[in-house]
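These notes are about the structure you will find just below.
The values are calculated or read from the model by the stated rules, or taken from the named source; none is laboratory data. Keep in mind the model is a prediction, meaning the values are calculated, not measured. Positions of Cβ are backbone-derived with ideal geometry, glycine not excepted, and every protein chain shown enters the neighbour counts.
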Amino acid sequence: MVANDRLGLEGVFLEEELPLLIRRRGMADWHDGVVRILDRRALPHEERYVDCASVEEVARCIEDMVIQGAFSLSVAAGYGLALAAEPGVGNDDQGWAALQQGSDRLLKTRPTGLALHRMLKACLGAARTAIEQAESPRDSILATVDRAAAALARQGYQTGRTACELLADGATVLTHCFPDRSYAYMLVEARRVGKTINVIASETRPYLQGARLTSLCALQTGFDVKVITDGTGGSLMRRGQVDAFVTAADRVCMDGTVCNKVGTYQYALAAHANGLPYFVLRQSGPDVESADESAVEVEFRDGEEVVTIGGERTAPAGVGGLYPAFDCTPPELVTRIITDRGAFRAEEIAAYVDAEPFVRDAVV
């Protein structure tokens, strides 16, 4: 069996066997000078794409939730930076300044997650080298993003494979937000080995990623999925209807603190109170520059997103909204942090840095 080589999973899966959201066209891709992004806001009812011809257009797609998920949007940002580089050889100060300006704009789109930051750092480094060697910075950036995207796919698959091994056949997992590619690979691997996983997806207000995206991945891999309101999970845990709580992480600190979509902390508390494991899918391990929660800048989004649904206001006129987009869960509430190098106890996640790497060329 041969997979699309751009997925980095040669010999594992055919691309059409994967859920849409982890295929290349389901994330972001480069098409002849345009960054093409699947508009996740339209899912699951419509598969439509946004073509971006400038850094600003890519930045707005990230800010407006056209694309989300730490690793998916890092690929979009990398390709977006390529738009700041003129085609052909670039070796002047003006060209370098344009790249730095483009990177600064893209960095502002996501202050909390680190994948985007690491991608842009790698792309700038590649562009700088290309300029010094009188080569094309755009070509260098594109090659960097392509390598990173393939490496991320391999990381995601290995992480999902380990997660699948930790779950019993027939297990019911509660998720929050969209746990990104490792979750999807967990389901694909379960299907491959003949294991059944049942999914309960919290709807995840205000953009309903759980209801629209997490459920779609489960459906497309052939597993039973139920959507619940965000306030239901604790009750289901107490009634014995959940076997494990599973999320992604936008950042993991060196002490095992997990930063993820707001609402994760309260579910982690409920899981702990009911004796259930909380598994975190963080394929590339901890951020070595974040010792603990004090290093995390939590993004606050426009409160209007909380008091509207689909553009229709749900709260009375004059009522504001408060929307921290992420929260932090302390390590004592985390059972395992699952990575491409294995599953670690939260308090031991720093050992990831010294573990034998599965992927040697990932940058995010």
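Does region 268-285 include one or more residues that are in a loop (DSSP other than H, G, I, E, B), hydroxyl-bearing (Ser, Thr, Tyr), touching a helix residue (DSSP H, G or I) at 6+ places or on another chain (Cβ under 8 Å) and modelled with pLDDT under 95?
Within region 268-285 (the criterion being in a loop (DSSP other than H, G, I, E, B), hydroxyl-bearing (Ser, Thr, Tyr), touching a helix residue (DSSP H, G or I) at 6+ places or on another chain (Cβ under 8 Å) and modelled with pLDDT under 95), the answer is yes, since at least one residue qualifies.
For the structure I just gave you, tell me whether Thr144 is outside the structural domain of Leu21 (by TED's automatic domain parsing), buried (at least 21 other Cβ atoms within 10 Å of the Cβ) and in a helix (DSSP H, G or I).
no
Just to be sure I understand, how many residues within region 312-339 are in contact with a Phe, Trp or Tyr (Cβ under 6 Å, 6 or more places away or on another chain) and either assigned by TED's automatic domain parsing to the domain that holds Lys121 or modelled with pLDDT under 95 (or both)?
Residues in region 312-339 being in contact with a Phe, Trp or Tyr (Cβ under 6 Å, 6 or more places away or on another chain) and either assigned by TED's automatic domain parsing to the domain that holds Lys121 or modelled with pLDDT under 95 (or both): 0 in total.
Looking at Val288, Val298, Val306, which one is in contact (Cβ under 8 Å) with a residue 40 or more places away in the chain, surrounded by fewer than 19 Cβ atoms within 10 Å (Cβ to Cβ) and more than 27 Å from Tyr207 (Cβ to Cβ)?
Result: Val288 is the single residue among Val288, Val298, Val306 that is in contact (Cβ under 8 Å) with a residue 40 or more places away in the chain, surrounded by fewer than 19 Cβ atoms within 10 Å (Cβ to Cβ) and more than 27 Å from Tyr207 (Cβ to Cβ).
With Asp92, Asp29 as the choices, which residue is surrounded by fewer than 19 Cβ atoms within 10 Å (Cβ to Cβ) and not assigned by TED's automatic domain parsing to the domain that holds Gly310?
Asp92
Scan region 220-239 and report the pairs whose first residue is assigned by TED's automatic domain parsing to the domain that holds His176 and whose second residue is surrounded by 12 or more Cβ atoms within 10 Å (Cβ to Cβ) and aromatic (Phe, Trp, Tyr), with Cβ atoms within less than 6 Å and a gap of 6+ or a chain change.
Filtered contacts from region 220-239: Gly233/Tyr267.
Results for (1) at pLDDT below 95; (2) under 15 Å from the mean Cα position of the chain (by Cα); (3) assigned to a helix (DSSP H, G or I), shown as yes or no for each residue.
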residue: Val12; (1), (2), (3): yes, no, no
residue: Arg25; (1), (2), (3): yes, no, yes
residue: Arg36; (1), (2), (3): no, no, no
residue: Asp51; (1), (2), (3): no, no, no
residue: Tyr79; (1), (2), (3): no, no, yes
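For every residue, the table says whether it meets (1) touching a strand residue (DSSP E or B) at 6+ places or on another chain (Cβ under 6 Å); (2) among the acidic types (Asp, Glu); (3) assigned by TED's automatic domain parsing to the domain that holds Arg341.
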position	(1), (2), (3)
Ala134	no, no, no
Thr159	yes, no, no
Thr172	yes, no, yes
Cys177	yes, no, yes
Lys195	no, no, yes
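Rundown of residues vs (1) modelled with pLDDT of 95 or more; (2) part of a helix (DSSP H, G or I); (3) not assigned by TED's automatic domain parsing to the domain that holds Glu297, yes/no style:
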site: Thr109; (1), (2), (3): no, no, yes
site: Ala130; (1), (2), (3): no, yes, yes
site: Tyr183; (1), (2), (3): yes, yes, no
site: Met186; (1), (2), (3): yes, yes, no
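Before we move on, is Cys123 assigned by TED's automatic domain parsing to the domain that holds Leu236 and closer than 25 Å to Cys61 by Cα?
Judged against the criteria, Cys123 is not a match.
Would you confirm whether or not region 188-209 contains a residue that is of a type in the set (Gly, Ala, Ser) and surrounded by fewer than 18 Cβ atoms within 10 Å (Cβ to Cβ)?
Yes, because at least one residue in region 188-209 is of a type in the set (Gly, Ala, Ser) and surrounded by fewer than 18 Cβ atoms within 10 Å (Cβ to Cβ).
So for region 92-103 (the condition being in a helix (DSSP H, G or I), within 30 Å of Glu293 (Cα to Cα), in contact with a Gly (Cβ under 9 Å, 6 or more places away or on another chain) and in contact (Cβ under 8 Å) with a residue 24 or more places away in the chain), does at least one residue qualify?
yes
Residue by residue, here is whether (1) in contact with a His (Cβ under 6 Å, 6 or more places away or on another chain); (2) more than 21 Å from Glu305 (Cβ to Cβ); (3) among the β-branched types (Val, Ile, Thr) holds:
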| position | (1), (2), (3) |
| --- | --- |
| Tyr207 | no, no, no |
| Gly210 | no, no, no |
| Leu216 | no, yes, no |
| Gly222 | no, yes, no |
| Val225 | no, yes, yes |
| Thr229 | no, no, yes |
| Phe245 | no, yes, no |
| Val252 | no, yes, yes |
| Val258 | no, yes, yes |
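Return the only residue of Ala271, Ala244, Ala249 being under 30 Å from Leu14 (Cα atoms), surrounded by 19 or more Cβ atoms within 10 Å (Cβ to Cβ) and touching a Pro at 6+ places or on another chain (Cβ under 8 Å).
Ala244
With the checklist (1) in a helix (DSSP H, G or I); (2) touching a strand residue (DSSP E or B) at 6+ places or on another chain (Cβ under 9 Å) in hand, flag the one item Ala150 doesn't pass.
Result: Ala150 passes all but (2).
Report the residue count in region 203-230 for those that are under 20 Å from Ile22 (Cα atoms) and not in a loop (DSSP other than H, G, I, E, B).
13
Looking at Ala151, is it closer than 26 Å to Gln100 by Cβ, modelled with pLDDT of 95 or more, out of contact with any helix residue (DSSP H, G or I) (no Cβ under 6 Å at 6 or more places or on another chain) and not aromatic (Phe, Trp, Tyr)?
No: the conditions fail for Ala151.
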